[in-house]
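Heads up, the thing below is written out as structure tokens.
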Amino acid sequence: MITDLLRGVAAFCLPLTLLTLPSPAAATTVAAPVPAVLPLEDAVGQLPVAEEDRTGYTRESFGNWTIGLDPADGCDTWNEVLLAEAVQEPTVAAGCKLSGGKWISYYDNVEVSEAGELDVHHMVPLAEAWDSGASAWGARRRETYANDQGAASSLVAVTTRVNRSKADQDPAAWVPPLPGAHCRYTGEWTATKLRWGLPVDQTEAEALKVYAEACETTVVHYNPAP
């Protein structure tokens with residue numbers, strides 16, 4: 001009789017156990033990255049410092065511009081960034097050909113009315129990303145980095161001239177010619193490195209600390225890349 005009672009208790013408990021156990025899908029759910037908001041000085045302090053190495057770098061290592069966020073719009077990443085950053089919307093013709101419109105290149109405060117006068121450039125240049133650890137990534141992740149529209153600061157439309165002057169230099173060697181852009185620029189540089197888990201070299205870290213001291217009100221927003 002006691003045996004029967006125990007079996008009855010076990011039979012009753014089993015369904016409750018099954019109900020309380022997490023499903024396989026729930027057990028494998030990955031939490032979404034949590035956005036971070038930090039003063040620039042604190043954000044710079046979170047950047048790991050490491051030596052850089054450009055061995056093996058080629059532009060082709062990061063793939064090409066992809067079809068962008070909306071495959072139906074006929075625009076690649078380059079043109080989608082131009083459309084997103086336009087202060088006056090351009091006309092979009094077949095093949096995503098842009099005409100008219102207006103942009104402000106924040107590096108030099110130049111107003112541009114022709115899309116062809118702009119470069120969509122990587123806040124942290126591809127070569128710098130490679131030096132800082134992207135060399136260890138797979139080809140798919142590097143292409144994702146090169147087309148990152150998940151953060152507004154990752155890709156920036158600026159005048160061709162100012163982009164050429166920057167090339168692949170970090171803030172220890174180059175900042176925008178417009179002094180009023182320095183705090184925003186170093187904040188967005190720091191946000192991009194944190195988003196992608198990229199370290200800085202020693203001279204880069206020292207330069208960022210100097211700017212952080214001067215940019216007391218600058219706040220860094222970043223969301224870790226998936």
Exercise. Select from the chain the helices, each a whole stretch of DSSP H, whose alpha-carbon atoms run 24 Å or more along the helix axis and whose Kyte-Doolittle mean is at least -1.0; answer none if there are none.
Key: 2-20
Quiz prompt | For the chain, the Rg and Dmax computed from alpha carbons only, in angstrom | solution = 24.0, 91
Quiz prompt | Sum of -39500 (n - 2.57) over DSSP H runs of 4+, divided by residues of the chain (222 nm, nearest 500) | solution = -11000 deg cm²/dmol
Self-check item: Rounded if a/c under 1.5, otherwise prolate or oblate - segment 183-226, Cα gyration tensor axes
Solution: oblate
Self-check item: Per-pair calculated FRET efficiency, R0 = 25 Å: SER113 and ALA93 via Cβ, rounded to 0.05
Solution: 0.95
Self-check item: Rounded to 5, percent antiparallel among DSSP beta bridges of the chain
Solution: 95 percent
Quiz item: Once a ≥ b ≥ c are taken as the square roots of the eigenvalues of the Cα gyration tensor of segment 58-138, is the result rounded (a/c under 1.5), prolate (a/b larger than b/c) or oblate (a/b not larger than b/c)?
Solution: oblate
Practice problem: Order the peptides 200-208, 161-169 from the highest to the lowest mean number of other Cβ atoms within 10 Å of their residues. | Solution: 200-208, 161-169
Quiz item: Separation of segment 30-85 and segment 140-217 by C-alpha centroid, Å?
Solution: 11 Å
Quiz item: Which distance in nm do the two modelled labels at LYS102 and ALA50 give, with both placed 7 Å along the Cα-to-Cβ direction?
Solution: 4.5 nm
Self-check item: segment 99-183 shape via C-alpha gyration tensor axes, a/c threshold 1.5
Solution: oblate
Quiz prompt | Karplus-derived 3J(HN,Hα), 6.51/-1.76/1.60, for each residue of segment 167-176, Hz, glycine and proline x | solution = 6, 10, 7, 9, x, 6, 10, 8, 9, x
Quiz item: From the residues TRP65, THR91, LEU47, which one has its Cα farthest along the dipole of segment 47-97 in the positive direction, the dipole being from +1 and -1 charges on Cβ of Lys/Arg and Asp/Glu about the Cα centre?
Solution: THR91
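Every number here is computed from the coordinates shown, using simple stated rules; none is lab data. Since the structure is predicted, the reported quantities are computational estimates derived from the model, not experimental observations. Reconstructed Cβ throughout: ideal geometry from the backbone, glycine too, with neighbour counts over all protein chains shown.
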